[in-house]
1. Distance from the Cα centre of region 113-138 to that of region 156-205, in angstrom?
2. Given +1 on the Cβ of Lys and Arg, -1 on the Cβ of Asp and Glu, and no further charges, what dipole in debye does region 96-175 carry about its Cα centre, rounded to the nearest 20?
3. Starting from the Cα-Cα distance between Phe111 and Leu160, subtract it from 0.36 nm times their residue separation and give me the gain in nm to one decimal.
4. Highest first, please rank the peptides 192-201, 172-181 by the mean number of other Cβ atoms sitting within 10 Å of their residues.
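Please treat every number below as a calculation from the coordinates, not as lab data. The structure displayed is predicted, hence computed values, not measured ones. Please note: Cβ atoms are built from the backbone with ideal geometry, for glycine as well, and neighbour counts cover all protein chains shown.
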Amino acid sequence: MNAQLKKIWVLLLALCIGFAALPGKSHAMGEAGTFHVTPEFGAYGTGQKSVNSIITFGLSGGYFVMDGLSIGLEALAYSFDVRKIDRRGPVTNFLYTVASSDGYSNNPWAFGANALVRYYPVRTDKAAFFIGTGIGGLFSGDRIPYWENGGRGNYANPTLPVDVGFAVNLSQNVAFELTGRYQRIGFDNHGLDAWGGHGGIRITF
């Protein structure tokens, strides 16, 4: 897992450097008609015992349809640190007893996407504050979570992010973005409440 994380991190850094090297003109933060992309890295805890933590990597992009209001998309890879809570008990095999696995993985990966809407109530040439929400989905080859509220989780879960964040200009078209996020993963009683956030380098065109 550590090798995969390093490769993804190096790729995100390379994207940031490449985008930052592109020629561009100065844009006011949140100006109508501008487009931005943000490679991002995030970390989350959960309100449930079945998942210890979540790490995310991804790329988001947005377009300002009017001053201070953007619509966009976000694509993410998720790595879950899952706690096995198996209520079915061990399996007895005549001479010995073994734990039932049922495809359990303590670090399952998942991929997902969110459609995002963000509003910037505070904007200057150097920084901006925003709030936002969206809707999306998450898909995995393992059930997320492994066990919660007396049952198994799902291979596909809807997601609902709620964001509060800010961006600070580093140059004429490059900004540092930091976002706090609550994200609901799954809308049934097996779902998760994830609390944390992500940071990234925003490139504006």
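1. Spelled out, the Cα-based centre of one part sits 8 Å from the other.
2. Values: 5 positive and 5 negative charges, 47 e Å.
About 220 debye.
3. Values: separation 49, 0.36 × 49 = 17.64 nm, distance 1.45 nm.
Length gained, Phe111 through Leu160: 16.2 nm.
4. Working: 192-201: 19.4, 172-181: 17.2.
The packing order, highest mean first, is 192-201, 172-181.
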